[in-house]
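Right, one structure below, let's go through it.
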Amino acid sequence: MARRVLLHVGTPKTGTTYLQDVCFLNRELLREHGILYPADRFDAHFLAALDLMRLPWAGLERQAVGAWDRLAEQVRDFDGTAIVSHEILARATGPQARRALESLGHGSGTEVHLVLSVRDLVRQIPAEWQENIKHRTTTSYADFLTELQDPTRDGTIASWFWAVQEIPDIVDRWRHDLPASQVHLVTVPPMGSPRDLLWQRFVSAFGLGEVPLDLGTDRANVSLGAPETYLVRQVNLVSDHIEPTDYRSQIRELLAHRTLSARTASPRLALDPACYPWVAGLESAWVGELERQGYDVVGSLEELRGAEPATYTDPDAPDLAQVVDAAVTSVVALVEEIGRRRVAEESLHTEISELHRQLAVARRSPYLKAKEAAFRLLSSSWLGRRLLGVYHRARGNSSRLA
Amino acid sequence: MRSAATWLAHLRAGGTTPWAAYDGGDPPLPLETEIGAQQLEVLRRLNELGRVSPALADRVIRADLSGRGHGLLRLAGDEAGGQRRFGTPPVDPSRLPYDELIRPVLTLLAEDVAGRGAPERPVAPRRRRGHPAHRLAGDPLLVDAVRSELDRLGRPEGGEGAVTYVLARALPTMLAATWTWRALADRAPAWEDWLAMLERTGRLPAEIDLAQQARSAGGGMRIVLDPALLPGALGVDGLTAPHDLALGADAAELARLVTSVVGLHAGDASPDLMIRGFAPRLAGGQAAPLAVPEQARAWVDAQARLLRDTLLRGSCDVLGEPDLLLAPPTPLSGRSPQEPAVLDLALRTLLEGA
């Protein structure tokens, strides 16, 4: 039974990918220091979260059957501290959260700590819209903002956004009977803070200070500018026939993450200034509630009050010259990718030709011809098939007749 | 007291009073588990349709909400609910949209699909020498039906020099069959969205793009438009007219929705469970068939004429009249899926399966 579990349940867009990658890359080292990060693949906790919350995810959920129970079993079997982390866990309902806590040992002697990394809404709103766009949404920024402000929260976007971003409600769904001292809020520092400050806060919250971690991962979530996000949205509008696997590898990974994110000189996404008073009001209410609850804070709750953006570019109507520029960059990247694949294909064709040649040479062998004739003859009768079976068993060959 | 707990007690007893008309019950009860307005309203609607066993009622109130949407919603006017400043505002459950109400039902149906399993797929017999070798392609529902029948008759696919028989029929019917198959076997967009996507991309699905298949196959392919000619072509006497699954419009949509979540319960076994386990439960009856809606009709008709002309011009061997690709001159009685009917079918399927 794990003595202590650090259960990191969100929120998205707060540096969680980086934390998870560092933990995954260093899982052996962590174990040597008495810390379990139970994962045999980098997305193990994501699959466990899908399973816990019964959440389909473009077909990936088929790999998730039983994933939460397997993860929880590893945690229960470990004698030490375990870390479980995925930001979409923020969306769990109360009963799902209770099930998760109990399966990790809460109520059976394990000290479960809830960790939530959090960032001001001024930055979270545009970041979440961009994330939606990178997941094939076609909703404009204006419609996105309108939907978020609808008090009913109806609609797929609003219901998801608030489920994973409304910090007091997330803690309320997850906390159950945990004392406030076992709820930890890690705040994301404001723009302009030292680059590694958030990481230092994670290190502090997860007790990783004594572990000489290899931080060499580049899989941190990357962000796009306004014209680049506009371009991906335009692609989404006409690409719903593209298979999810191809979308993930070609549009999200190749175009968005590897190509367009490198264009850092373009205007960044920001909150529409017209929404700032509404957002500032929400942030104040949240900060007040979180202070009142007395949770452990790594950083400062004041950092949840986002600064009004100094500049704003409407991502629904960016400078088209910048969009064209981004599109040209994308075309070049795609052509380069096609070139890489062409080389790989040619290499495979060469390999296949060589194998065909070797096969043809082998087939000319009188020994092989006789063997094939004998096989055909024996296969055509019951007795012959039995004899072949005996032969295969004698050779220790597990193959059977077709 | 008018609370979720007392209303639940009313519903557990078979009550059907909507929350808005419910005037409370005694004594005040603690809620056994956190339950959403979605599950409570589903239980009420099931009560309206028939007797709900205690076991099913239990499953309903504990059902996870499949897919995206709200979390567990609170009841507006719940006197035991207290004031909460955060989270989604409470609701009147009778006003919940279709998308929310169907979520717990889909979870339960998916659990049933995974739990019940499916009949064993018959083992294909060994192919005997002396029969012409064949392969099947085309309309996926027809292919599945004919393949089963040929296996039963000892004529499995495969073999050297096999001729490919592409099974085809009127294009609107083939489109409906292809979408139904995909709805069962994989994830598929909604019917009308799918048709709109085909029109926008100007492409027919690969399985039924006969022109493309004829181009890429070269020789060794025959298109079968008249099923009565297939037994003769294959040299099979006992081959009866194929009887495909032919789900109604609402049943096909329900299958699509269950398919979208069943992977969480059944993993890679999902397609087989859906096709051989769940689909037969939904098939048959007098349900309205799935049909191409008016807005897509012109494009589909044009594609059908193009295909027919291609077959008339081409060198491909066609069994049957190419005109059979065209839609019947009179409009079909079919339609697109309708949300209230899909929800009703989902609830009835759940109730009947319990």
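The values are calculated or read from the model by the stated rules, or taken from the named source; none is laboratory data. Note that the structure is predicted; figures quoted are calculated from it, not measured. Methodologically, a virtual Cβ is constructed for each residue, glycine included, from the backbone with ideal geometry; neighbour enumeration extends over all protein chains shown.
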- Query: Identify, please: which residue in the range B:35-92 is in contact (Cβ under 8 Å) with a residue 12 or more places away in the chain and acidic (D, E) and is, among those, farthest from B:G25 (Cα to Cα)?
  - Reply: B:D64
- If you go through the range B:158-189 one residue at a time, how many are more than 13 Å from B:P140 (Cα to Cα) and touching a Gly at 6+ places or on another chain (Cβ under 7 Å)? 3
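Going by the structure shown, is B:G115 surrounded by fewer than 17 Cβ atoms within 10 Å (Cβ to Cβ), within 30 Å of the chain's Cα centre (by Cα), over 28 Å from A:I157 (Cβ atoms) and not charged (D, E, K, R)?
On the way: surrounded by fewer than 17 Cβ atoms within 10 Å (Cβ to Cβ): yes; within 30 Å of the chain's Cα centre (by Cα): yes; over 28 Å from A:I157 (Cβ atoms): yes; not charged (D, E, K, R): yes.
Yes; evaluated as a whole, the condition is true for this residue.
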- Message: Would you confirm, using the coordinates I've provided, whether A:D143 is free of Cβ contacts under 8 Å to residues at least 24 places away in the same chain, within 30 Å of B:P189 (Cα to Cα), of a type outside the set (S, T, N, Q) and more than 14 Å from chain B (Cβ to nearest Cβ)?
- Response: yes
- Task: Determine whether the range A:191-204 contains at least one residue that is touching a helix residue (DSSP H, G or I) at 6+ places or on another chain (Cβ under 8 Å), away from chain B (no Cβ under 14 Å) and not aliphatic (A, V, I, L, M).
- Result: yes
- Take the range A:58-87 and flag every residue that is at pLDDT 95 or above, within 10 Å of chain B (Cβ to nearest Cβ) and assigned to a loop (DSSP other than H, G, I, E, B). A:A64, A:V65, A:G66
- How about the range B:260-354: which helices (runs of 4 or more DSSP H) wholly inside it have at least 2 residues that are farther than 30 Å from A:Q63 by Cα and at pLDDT 95 or above? B:294-313, B:339-353
- Tell me, yes or no, whether the range A:261-270 has at least one residue that is touching a Pro at 6+ places or on another chain (Cβ under 6 Å), over 16 Å from A:D325 (Cα atoms) and buried (at least 18 other Cβ atoms within 10 Å of the Cβ). yes
- Note on the structure: Conditions (1) part of a helix (DSSP H, G or I); (2) over 35 Å from the mean Cα position of the chain (by Cα); (3) within 24 Å of A:E147 (Cβ to Cβ) -> B:T6 fails only (3)
- Message: Looking at the range A:273-293, I want the residues that are in a helix (DSSP H, G or I) and have a partner that is surrounded by 16 or more Cβ atoms within 10 Å (Cβ to Cβ) and among the hydroxyl-bearing types (S, T, Y) with Cβ atoms under 6 Å, at least 6 apart or on another chain. Which pairs are those?
- Response: A:P273/A:Y312
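Scan the range B:201-220 and tell me whether some residue there is in a helix (DSSP H, G or I), within 30 Å of B:L106 (Cβ to Cβ) and of a type outside the set (A, V, I, L, M). Give the steps one after another, and end with the answer.
So the first thing to find is which residues in the range B:201-220 are in a helix (DSSP H, G or I), and the list is B:201, B:206-208, B:210-217.
Narrowing the set further to residues that are within 30 Å of B:L106 (Cβ to Cβ) leaves B:201, B:206-208.
Still in the list and also of a type outside the set (A, V, I, L, M): B:201, B:207.
Scanning the range B:201-220 turns up at least one residue that is in a helix (DSSP H, G or I), within 30 Å of B:L106 (Cβ to Cβ) and of a type outside the set (A, V, I, L, M).
Residue by residue, here is whether (1) touching a Leu at 6+ places or on another chain (Cβ under 6 Å); (2) more than 14 Å from chain A (Cβ to nearest Cβ) holds:
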residue: B:A246; (1), (2): no, yes
residue: B:L257; (1), (2): yes, no
residue: B:P271; (1), (2): no, no
residue: B:P280; (1), (2): no, yes
- Matching entry among B:P293, B:P337 (being closer than 16 Å to B:A177 by Cα and crowded, with 16+ Cβ neighbours inside 10 Å): B:P337
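Is it the case that A:R123 is surrounded by 20 or more Cβ atoms within 10 Å (Cβ to Cβ), of a type in the set (D, E, K, R), more than 13 Å from chain B (Cβ to nearest Cβ) and closer than 18 Å to A:L290 by Cα? Let's see the steps before the verdict.
Numbers: surrounded by 20 or more Cβ atoms within 10 Å (Cβ to Cβ): yes; of a type in the set (D, E, K, R): yes; more than 13 Å from chain B (Cβ to nearest Cβ): yes; closer than 18 Å to A:L290 by Cα: no.
Here the answer is no, as A:R123 does not meet what is asked.
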- Quick one: how many residues across the range B:214-251 are surrounded by 17 or more Cβ atoms within 10 Å (Cβ to Cβ), farther than 19 Å from B:A137 by Cβ and either among the aliphatic types (A, V, I, L, M) or at pLDDT below 80 (or both)? 4
- Task: Report whether or not B:A246 is assigned by TED's automatic domain parsing to the domain that holds B:D193, at positive phi and of a type in the set (A, V, I, L, M).
- Result: yes
- Check whether at least one residue in the range A:313-322 is more than 30 Å from A:P189 (Cα to Cα) and loosely packed, with under 10 Cβ neighbours inside 10 Å, and report yes or no. yes
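Suppose we filter B:G284, B:G267 for residues that are on the phi > 0 side of the Ramachandran plot, without any contact (Cβ under 8 Å) to a residue 12 or more places away in the chain, within 14 Å of chain A (Cβ to nearest Cβ) and surrounded by fewer than 20 Cβ atoms within 10 Å (Cβ to Cβ); which single one remains? Step through it out loud before you land on a result.
Values: B:G284 fails: within 14 Å of chain A (Cβ to nearest Cβ).
Exactly one residue qualifies, and that residue is B:G267.
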- Message: When the residues of the range A:202-257 are narrowed to those that are hydroxyl-bearing (S, T, Y) and assigned to a loop (DSSP other than H, G, I, E, B), which ends up modelled with the highest pLDDT?
- Response: A:S239
- Among (1) surrounded by fewer than 21 Cβ atoms within 10 Å (Cβ to Cβ); (2) more than 14 Å from every other protein chain (Cβ to nearest Cβ); (3) within 30 Å of B:L73 (Cβ to Cβ), A:L185 falls short only on (1)
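Yes or no: B:V236 hydrophobic (A, V, I, L, M, F, W, C), in a helix (DSSP H, G or I) and touching a residue at least 24 places away in the same chain (Cβ under 8 Å)? Outline the logic, then answer.
Values: hydrophobic (A, V, I, L, M, F, W, C): yes; in a helix (DSSP H, G or I): no; touching a residue at least 24 places away in the same chain (Cβ under 8 Å): yes.
For B:V236, the condition - hydrophobic (A, V, I, L, M, F, W, C), in a helix (DSSP H, G or I) and touching a residue at least 24 places away in the same chain (Cβ under 8 Å) - is not met.
Of the residues A:I125, A:I133, which is in contact with a Cys (Cβ under 8 Å, 6 or more places away or on another chain) and either among the hydroxyl-bearing types (S, T, Y) or at pLDDT 95 or above (or both)?
Details: A:I133 fails: in contact with a Cys (Cβ under 8 Å, 6 or more places away or on another chain).
Just a single option satisfies the conditions, and that option is A:I125.
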- Every residue from the range A:157-182 that is within 14 Å of another protein chain (Cβ to nearest Cβ) and either of a type in the set (A, V, I, L, M) or closer than 30 Å to A:T311 by Cβ (or both): A:I157, A:A158, A:W160, A:F161, A:W162, A:A163, A:V164, A:Q165, A:E166, A:I167, A:I170, A:V171
- Message: Among the numbered criteria (1) more than 28 Å from A:G192 (Cβ to Cβ); (2) buried (at least 17 other Cβ atoms within 10 Å of the Cβ); (3) more than 26 Å from the chain's Cα centre (by Cα), which one does A:S330 miss?
- Response: (3)
- Note on the structure: Checked the range B:91-113 for anything assigned to a loop (DSSP other than H, G, I, E, B) and more than 11 Å from chain A (Cβ to nearest Cβ); matches are B:D92
- Among the numbered conditions (1) more than 10 Å from every other protein chain (Cβ to nearest Cβ); (2) under 21 Å from A:A163 (Cβ atoms), tell me where B:L56 comes up short. (2)
- Might you let me know whether the range B:64-78 holds any residue that is away from chain A (no Cβ under 14 Å) and either aromatic (F, W, Y) or crowded, with 21+ Cβ neighbours inside 10 Å (or both)? yes
- Being part of a helix (DSSP H, G or I) and touching a Pro at 6+ places or on another chain (Cβ under 7 Å) is the filter here, so list the residues in the range A:132-175 that pass it. A:Y141, A:V164
